[in-house]
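Asks: Please find one structure pasted underneath; my questions will follow.
The values are calculated or read from the model by the stated rules, or taken from the named source; none is laboratory data. Note that the coordinates shown come from a computational prediction; the quantities given were computed from them, not determined experimentally. When we count neighbours, we look across all protein chains shown, and the Cβ atoms used for this are built from the backbone with ideal geometry, even at glycine. Quick note on the areas: whole protein, heavy atoms, side chains included, nothing else; ligands and nucleic acids left out. Shrake-Rupley method; radii C 1.70, N 1.55, O 1.52, S 1.80 Å.
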Amino acid sequence: MAPTGKDLTPVVGANLRRLRGHRGLSLEKLAQASGVSRAMLGQIELGQSAPTINVLWKISSALGVPFSALITARGTPGPHVLRADQAKHLTSHDGAFSSRALFPFDEPRRVEFYELRLAPGGVERADAHTPGTIENLVVSRGAVEIAAAGREELLGAGDAIVFEADVPHVYRNRDAGETVMYLVMTYADTVG
């Protein structure tokens with residue numbers, strides 16, 4: 001994770017500790033369930049490591065919670081203005097893929113809204129999300145190929161796709177420029 005705007009590292013650490021504790025999981029058991037090393041999980045909980053998007057997805061899937069449950073800072077009710085210069089961005093390890101949450105980080109939610117950006121030639125491989133997760137994606141600029149469940153679909157500006165995201169899936173930029181997409185992620189259950 002390479003955040004711009006507010007650093008999410010302490011928020012992720014506190015949420016991981018809380019969620020793991022609520023489920024009665026040791027670091028070792030969560031490591032086995034998520035495929036993320038015990039050492040890495042410990043560093044994340046202590047705020048000493050900023051995890052990548054894929055690591056966060058692995059952890060949220062293993063915990064059975066929406067992605068936002070890890071990156072949400074609890075706040076106050078009422079209208080929330082999301083200023084572009086204060087946006088929270090998560091970036092892939094190679095910097096080709098970035099995700100900006102377009103919803104307030106006040107509480108975990110069943111539906112999340114993101115702006116996704118994929119550099120020319122960029123490929124983002126996403127692990128399976130929790131069972132029942134649906135992605136609804138629309139391409140705003142550029143072209144992207146989405147591969148999921150043995151199918152590949154090429155989408156251009158204005159095209160949209162809805163698919164079950166509880167299987168591994170891939171985004172491939174098929175444009176000479178940056179591809180910009182908007183994603184609505186819907187989870188099967190809410191988080192407590």
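Asks: How about the range 140-153: which of its residues are open to solvent by 70 Å² or more (accessible area, probe 1.4 Å) and either assigned to a strand (DSSP E or B) or charged (D, E, K, R) (or both)? Show your work before the answer.
Replies: Of the range 140-153, the ones open to solvent by 70 Å² or more (accessible area, probe 1.4 Å) are 141, 149-152.
Residues satisfying the conditions are R141, R151, E152.
Asks: While we're on this one: Looking at A39, A50, which is the one that is surrounded by fewer than 17 Cβ atoms within 10 Å (Cβ to Cβ) and among the hydrophobic types (A, V, I, L, M, F, W, C)? I'd like the intermediate steps shown before the answer.
Replies: Numbers: A50 fails: surrounded by fewer than 17 Cβ atoms within 10 Å (Cβ to Cβ).
Just a single option satisfies the conditions, and that option is A39.
Asks: Looking at (1) without any contact (Cβ under 8 Å) to a residue 60 or more places away in the chain; (2) over 23 Å from S61 (Cβ atoms); (3) over 18 Å from the mean Cα position of the chain (by Cα), which is the only condition A149 fails?
Replies: The one condition A149 does not meet is (2).
Asks: Taking the condition of being open to solvent by 40 Å² or more (accessible area, probe 1.4 Å) and not in a loop (DSSP other than H, G, I, E, B), how many residues in the range 168-185 meet it?
Replies: So in the range 168-185, the residues open to solvent by 40 Å² or more (accessible area, probe 1.4 Å) come out as 168, 172, 174-176, 178, 182, 184.
Those still in the list that are not in a loop (DSSP other than H, G, I, E, B) too: 172, 182, 184.
Going through the range 168-185 one residue at a time, the tally reaches 3.
Asks: Further, regarding this structure: Would a scan of the range 154-167 turn up a residue that is under 21 Å from R110 (Cβ atoms), open to solvent by 40 Å² or more (accessible area, probe 1.4 Å), outside any strand (DSSP E or B) and in contact (Cβ under 8 Å) with a residue 12 or more places away in the chain? Before you say what the answer is, go through the steps one by one.
Replies: Quick first cut of the range 154-167, residues under 21 Å from R110 (Cβ atoms) only: 160-167.
Now restrict to residues that are open to solvent by 40 Å² or more (accessible area, probe 1.4 Å): 160, 162, 164, 166-167.
Then keep just the ones that are outside any strand (DSSP E or B); that gives 166-167.
Within this subset, residues satisfying the condition of being in contact (Cβ under 8 Å) with a residue 12 or more places away in the chain are 166-167.
The answer is yes, given that some residue of the range 154-167 is under 21 Å from R110 (Cβ atoms), open to solvent by 40 Å² or more (accessible area, probe 1.4 Å), outside any strand (DSSP E or B) and in contact (Cβ under 8 Å) with a residue 12 or more places away in the chain.
Asks: Tell me yes or no: at least one residue of the range 68-78 is modelled with pLDDT under 80, over 15 Å from the mean Cα position of the chain (by Cα) and not in a loop (DSSP other than H, G, I, E, B).
Replies: Within the range 68-78 (the criterion being modelled with pLDDT under 80, over 15 Å from the mean Cα position of the chain (by Cα) and not in a loop (DSSP other than H, G, I, E, B)), the answer is no, since none of the residues qualifies.
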